[in-house]
Amino acid sequence: GGVGVIADVSKAVSIDLKDAGEDLILIGETAGWLGNTVYMDIMEGREEGAPPAVDLDKELANGNFLRGLIAEGLVTSSHDLSDGGLACAAADMALAGKMGAELAQPADADIPAHAYFFGEDQARYLIATKDAAAIEAKAAAAGVKVTIVGKTGGDSLKLGDGDTISLAELRDAFEGWMPNYMSID
């Protein structure tokens with residue numbers, strides 16, 4: 001968690017996706033870390049492995065890079081990648097904005113799809129933008145890894161070559177579990 005002061009609240013960026021057709025950009029490097037993650041717990045039924053190593057210099061560099069992009073008005077939505085990795089951050093953003101998205105694993109990401117989409121590598125953010133070219137140029141100059149991973153739009157969340165869930169199904173799974181859990185049969 002973190003606490004801070006925003007000097008100009010009009011420049012604050014929320015997690016909700018705003019407009020269809022925006023590029024989704026992943027800031028940071030993805031190795032597909034699955035040790036001691038939500039994926040490992042839920043999908044594999046195991047709690048094992050070390051959590052990802054933390055590189056404080058990279059955390060600072062990527063965080064400062066993102067703050068600079070926000071200050072320049074280049075980011076319309078932003079979410080840190082933590083529990084559940086890229087897929088869960090995208091789901092949070094889609095639900096908050098009532099707008100779907102498509103994510104693709106880049107060809108040069110030589111790891112299994114489940115590790116790419118659900119890995120919990122550190123120092124990563126998912127952002128939406130109307131100006132991907134400007135962000136790529138700034139990233140190259142700053143030595144920060146960025147990857148265009150998708151587009152906003154539609155009424156579902158699509159991962160890779162076909163795993164798709166409608167926002168209605170996603171919302172029901174996200175918000176419906178508590179009433180279902182508490183119901184008395």
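The values are calculated or read from the model by the stated rules, or taken from the named source; none is laboratory data. Small disclaimer: the values here were computed from a predicted structure and weren't measured. Heads up, the Cβs are rebuilt from the backbone with ideal geometry, glycines too, and the neighbour counts pull from every protein chain shown. Keep in mind that these areas ignore ligands, DNA and RNA; they rest on the heavy atoms of the full protein, side chains included. Shrake-Rupley method; radii C 1.70, N 1.55, O 1.52, S 1.80 Å.
Quick notes
- Cα-Cα over 26 Å, subset of Lys11/Lys58; Lys18/Lys138; Lys130/Lys158; Lys11/Lys145; Lys98/Lys145; Lys18/Lys145: Lys98/Lys145
- Computed magnitude of the charge dipole of the chain (debye, nearest 20; Cβ of K, R +1, Cβ of D, E -1): 600 debye
- Put a dot 7 Å past the Cα of Val5, heading toward its Cβ, do the same for Asp83, and the two dots end up 3.1 nm apart.
- Taking the 1.4 Å solvent-accessible surface of the chain as the whole, the part contributed by carbon and sulfur is 54%.
- Taking θ as phi - 60° and the Karplus parameters 6.51, -1.76 and 1.60, the scalar couplings of segment 10-26 work out to 5, 9, 5, 10, 9, 8, 6, 5, 9, 10, 5, x, 7, 7, 9, 10, 9 Hz in sequence order, x denoting glycine and proline.
- Kirkwood hydrodynamic radius of the chain, Cα pairs, Å: 17.2 Å
- Over all Cα atoms in segment 63-160, the spread is summed up by Rg and Dmax: 13.1, 36 Å.
- Probe 1.4 Å, accessible area per residue of the chain, Å²: 56 Å²
- Between segment 160-185 and segment 68-88, the alpha-carbon center distance in angstrom: 24 Å
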